[in-house]
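What follows draws every value from the coordinates through simple rules; no lab data is involved. The structure presented is a predicted model; accordingly, all values stated were derived computationally and were not measured. Positions of Cβ are backbone-derived with ideal geometry, glycine not excepted, and every protein chain shown enters the neighbour counts.
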Amino acid sequence: MISFHPQSKNNTDVTIVLLTAEHTHPRFKKVLEKGELYPLEDSSKTFLFVGLGKEDKLSLTDLRIQVRKAFLSSYLSHAKTVEILPHRRDDAAIIAIIEGVAIGTYAWDKYKSKDKNDKTIKDKQITILIEPKKLYTDVLAICKGVTLTRDLVNDNADTITSEYLEKIVRDLIKGNKKISLEILNRKELKAKGLNLHLAVNQASNKEPKLIIVKYNGGNKTDAYTAFIGKGMTFDTGGLNLKPTGGIETMKIDMAGAAAVCGLLKNTLNLGIKKNLLFVLGIAENSIGSAAYKPGDVITGYAGKSVEIGNTDAEGRLVLADAFAYVVRNYKPGKMIDLATLTGACVVALGFDYTGLFSNCDELARQLIEASNKTDDRAWRLPVYAELKEYIKSPIADLKNTSSIKGGGASTAAKFLNQFTEGTTWAHLDIAGSSYSEGVGRMYFGHGATGAGVRLLTHYLLNY
Ligand code: BES
Ligand code: ZN
Ligand code: ZN
């Protein structure tokens, strides 16, 4: 639990004192290096001095990292109550401190046995020593959406099925009068001709689902903004089976849909005053004799035929049907999708940046601005007219793979762009940014990061 209060209490177990090189504390005159932790024991409590280095060299990312480091240190493991004395009191610094705690201390340990001798206190009462403010409680709420997304991405593929995601959505929207729900299961997908979506799920024993939540938080005449998430509950690659080294993390291939759930949670908690659509395109890309096949030609909801160059380029197929269905039946003014779409995006940008593609400079600018503000990082990559040449097929209207080597994130975006039907659109390729392997990176530990949730919630609050 995190709360805000301007006055320190005497009976707190640990007070974290954030110190830049320029600042000293009455109890402590030493100048600490960035990352240095220095505990001072009093009779009943501990002061933990945390070195932040020189103020002008301290980024807000650094600040999140240092706050996280302090919390994960052994000095805090037995503390029940913790205070944080900020080195600065401006909003950007306080937000970074909040996120350093709320995002930095997240750990996925559901399946780890508990050591009986471990006396670590996980559930701490944390007070940031500052006057409370709506902005801060909003940031805390936003972090809860990030946590939901991370939990969904981190859990087993056979736990987070389409049925499970449907239940998550139903629980989130329960009793809300501003919401209506449409769910297309196998039967409806068939009847309406979302054959690309169905093809991807063909070898799975699980139900494919297109879930559409309509949220009327704005004026009657306001156009809808649609958020569409790729929800591949597992991506084996299909008959173009992924190799060892590529398949192990593919439970994360629903991180786009999970981010849409996080965003929905935040929208409801913050009472966003906009008309929005939350869309989850859910399938499982399995193998077996029923699987769709390389060389197949399939016509989806938009009426365009697609040659299957590779069954592992499945995300764009599910999204193509979702785009066409949403555009034709809901006519959104804008559409933003999130998808773990391409390994090529990871090659281009690595893991710290989401790839942003858009057919609208203004929308792209706003999203980059939101990304800079939230440290939920995104970098724009090109999607342009000539790419269309590379996804042509001799036997169909288009192909789900590119005829050229290189630029795979852009050709995938171009494929999606063929189904936007003139709608203002942005695509966030979160293949690299949604997950961190090993010991983690920046202020994220191992596992899901919740990429896109802070960025898009900020976008909804400010644009
Ligand atoms: N889900 C993958 C993309 C991915 C790769 C996500 C690595 C996270 C980490 C996607 O469905 C895929 O396999 N894309 C192929 C496309 C190719 C066959 C044209 C890829 O990127 O290799
Ligand atoms: Zn794939
Ligand atoms: Zn995939």
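Over region 1-96, what is the relative contact order in whole percent, taking alpha-carbon pairs under 8 Å and six or more residues apart?
Value for region 1-96: 35 percent.
I'm a student and want to see the number: the projected area of the Cα convex hull of region 246-323, averaged over all directions, in nm².
For the Cα atoms of region 246-323, the hull's average projected area reads 6.9 nm².
Find the centroid of the Cα atoms in region 375-441 and in region 13-67, then give the distance between the two in whole Å.
First find each Cα centre; the distance between them is then 44 Å.
Would you mind checking the pairs 178/334; 122/274; 30/119; 114/167; 174/373 and listing those with alpha carbons more than 26 angstrom apart? Please list the in-between numbers first.
Working: 178/334 20 Å; 122/274 37 Å; 30/119 32 Å; 114/167 29 Å; 174/373 32 Å.
Among 178/334; 122/274; 30/119; 114/167; 174/373, the Cα-Cα distance tops 26 Å for 122/274; 30/119; 114/167; 174/373.
Starting at the first residue of region 312-327, write each ³J(HN,Hα) from the Karplus equation 6.51 cos²θ - 1.76 cosθ + 1.60 with θ = phi - 60°, in whole Hz, x for Gly and Pro.
Here the 3J(HN,Hα) series is 7, 8, 8, x, 5, 6, 5, 5, 4, 5, 5, 4, 4, 5, 5, 4 Hz.
Pop out the ³J(HN,Hα) list for region 345-357 in order, Karplus 6.51 cos²θ - 1.76 cosθ + 1.60 with θ = phi - 60°, rounded to Hz; leave Gly and Pro as x.
5, 5, 4, 5, 10, x, 9, 8, 10, 6, x, 10, 10
Under the definition of Cα pairs under 8 Å and six or more residues apart, what whole-number percent is the relative contact order of the chain?
Computed over the chain, the figure is 15 percent.
Helix 361-374 sits at what angle to the longest principal axis of the chain, using alpha carbons and giving 0 to 90 degrees rounded to 10?
30 degrees
Show that you can apply the helix-only estimate: for the chain, add -39,500 (n - 2.57) for every DSSP H stretch of four or more residues, divide by all residues, and state [θ] at 222 nm to the nearest 500.
-9500 deg cm²/dmol
For residue 437 paired with residue 133, estimate the spin-label separation in nm (one decimal), with each label point 7 Å from Cα along the Cα-to-Cβ line.
4.1 nm
Given axes a ≥ b ≥ c from the Cα gyration tensor, I'd like to know whether region 272-379 is rounded (a/c under 1.5), prolate (a/b larger than b/c) or oblate.
oblate
Within 10 Å of each residue's Cβ, count the other Cβ atoms and sort 137, 420 from fewest upward. Write down the numbers at each step before the final one.
Working: 137 16, 420 19.
Final ranking by Cβ density, sparse to dense: 137, 420.
So what does the Cα-only Debye profile of region 368-422 read at q = 0.15, 0.18 Å⁻¹, as log10 I(q)/I(0), no solvent term?
-0.51, -0.66
When N counts the residues of the chain, how does its alpha-carbon radius of gyration compare numerically with 2.2 N^0.38 Å, as a ratio?
Cα-based Rg divided by the globular estimate yields 1.03.
Please state the relative contact order of region 71-132 as a whole percent: Cα pairs under 8 Å, 6+ residues apart?
63 percent
In whole Å, what is the distance between the alpha-carbon centres of region 204-247 and region 333-358?
Each part reduced to its Cα centre gives a spacing of 15 Å.
About its Cα centre, how strong a charge dipole does the chain have in debye, to the nearest 20, once Lys and Arg get +1 and Asp and Glu get -1 at the Cβ?
Roughly 920 debye for the chain.
List every residue whose amide H lies under 5 Å from the amide H of residue 15, counting only residues 5 or more places away in sequence or on a different chain, with H placed 1.01 Å from N in the peptide plane.
Residues meeting the amide H criterion: 46, 47, 48, 83.
Using θ = phi - 60° and the Karplus curve 6.51 cos²θ - 1.76 cosθ + 1.60, what whole-Hz ³J(HN,Hα) does each residue of region 3-13 get, with Gly and Pro shown as x?
Result, rounded to whole Hz: 9, 10, 7, x, 9, 6, 9, 6, 8, 6, 5.
Rounded, prolate or oblate for region 123-175? Axes are the square roots of the Cα gyration tensor eigenvalues, ordered a ≥ b ≥ c, and the cut-off for rounded is a/c under 1.5.
prolate
Which angle from 0 to 90°, rounded to the nearest 10, does the C-alpha axis of helix 453-462 make with the longest principal axis of the chain?
It is inclined by approximately 90 degrees.
I want to verify the translational diffusion coefficient of region 246-289 in µm²/s; compute it with Stokes-Einstein, Rh as the Kirkwood radius over Cα pairs, at 10 °C and 1.306 mPa s.
Working: Rh = 12.7 Å.
The calculation lands on 126 µm²/s.
Report the gain in length on full extension from residue 347 to residue 222: 0.36 nm times residue separation, minus Cα-Cα distance, nm rounded to one decimal.
So the extension gain works out to 41.1 nm.
Which order, highest average first, do 250-258, 312-320 follow once you tally other Cβ atoms within 10 Å for each residue and take the mean per peptide?
On the way: 250-258: 28.7, 312-320: 26.9.
Per-residue mean Cβ counts within 10 Å order the peptides as 250-258, 312-320.
Sorted from largest to smallest, which semi-axis lengths in Å does the alpha carbon gyration tensor of region 130-220 give for its equivalent ellipsoid, taking the root of 5 times each eigenvalue?
Here the semi-axes work out to 32, 19, 10 Å.
What's the extension gain from residue 384 to residue 244 if we count 0.36 nm per residue and subtract their Cα-Cα distance?
So the extension gain works out to 47.0 nm.
Provide Rg and Dmax in Å for region 1-116, with only Cα atoms included in the calculation.
Answer for region 1-116, Rg first and Dmax second: 14.3, 45 Å.
Enumerate the amide H contacts of residue 53 below 5 Å, restricted to partners 5 or more residues apart or on another chain; note that Pro and chain-start residues carry no placed amide H.
21, 34, 35
If you put +1 on each Lys and Arg Cβ and -1 on each Asp and Glu Cβ, how big is the dipole of region 295-435 around its Cα centre, in Debye rounded to 20?
Charge dipole of region 295-435: 240 debye, to the nearest 20.
Report the residues of region 26-54 in range of a label on residue 72: point 7 Å along Cα→C-beta, backbone N strictly under 20 Å from it.
Inside the label zone: 33-39, 48-53.
Which Cα, out of 210, 402, 107, lies furthest along the positive dipole direction of the chain (beta carbon charges, K/R +1, D/E -1)?
Looking along the dipole axis, the top candidate is 210.
How large is the direction-averaged shadow of the alpha-carbon convex hull of region 63-167, in nm²?
That works out to 8.3 nm².
Please express the Cα-Cα pair-distance distribution P(r) of region 309-463 as a list of whole percents, one per 10 Å bin, running from 0 to the bin with the greatest distance.
11, 40, 36, 12, 1
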